[in-house]
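The values are calculated or read from the model by the stated rules, or taken from the named source; none is laboratory data. Being a predicted model, the structure only gives us computed values, none of them experimental. Here the Cβ positions follow ideal geometry from the backbone for every residue, glycine too, while neighbour counts run over all protein chains shown. To get the accessible areas, we keep the full protein, side chains included, count just its heavy atoms, and leave off ligands, DNA and RNA. Shrake-Rupley method; radii C 1.70, N 1.55, O 1.52, S 1.80 Å.
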Amino acid sequence: ELYDAAVETACALNDAVAVRRLSEIVLAQAKCNDDKLNCLYAVVKSLRLAYKMQDSQRVAFTMLEQLGEKLPRPMDDIGLAANIQEMKLILLDTPDESILNLE
């Protein structure tokens, strides 16, 4: 917990070198994914603060994959475009009131 707090503090101070160094320690010592979450979140925030958006996204997606989450599909995925078009057709034929009542 002490290293987690140190990583978060380094992130708040926008000290990317300290975030990287301290997060390596936390990740090496972590026994399970739950032990890594706060640290990885701070890493993602630190990268975002440094305007390293692609690196931030890569770390976030890697973290989600490790937790068993399904990742978003890229916009150029042909299957995604077909699914979007199919949903548009369904919604066009569905009354507004029915859509508003969906849960």
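One table, with the values for the structure above:
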quantity	calculated
Scope the range 65-82; condition more than 24 Å from residue 34 (Cα to Cα) and open to solvent by less than 100 Å² (accessible area, probe 1.4 Å); matching residues	74, 77, 79, 80, 81, 82
Filter result for residue 9 (hydroxyl-bearing (Ser, Thr, Tyr) and exposed (fewer than 14 other Cβ atoms within 10 Å of the Cβ))	no
Residue list for the range 26-64, restricted to those being buried (at least 16 other Cβ atoms within 10 Å of the Cβ) and among the hydroxyl-bearing types (Ser, Thr, Tyr)	41, 46, 56
Count - residues of the range 51-68 that are closer than 16 Å to residue 23 by Cα and small (Gly, Ala, Ser)	2
Test: residue in the range 83-97 that is charged (D, E, K, R), without any contact (Cβ under 8 Å) to a residue 40 or more places away in the chain and surrounded by 12 or more Cβ atoms within 10 Å (Cβ to Cβ)	no
Failed item in (1) of a type outside the set (Gly, Ala, Ser); (2) open to solvent by 100 Å² or more (accessible area, probe 1.4 Å); (3) at pLDDT 85 or above, with residue 2 passing the rest	(3)
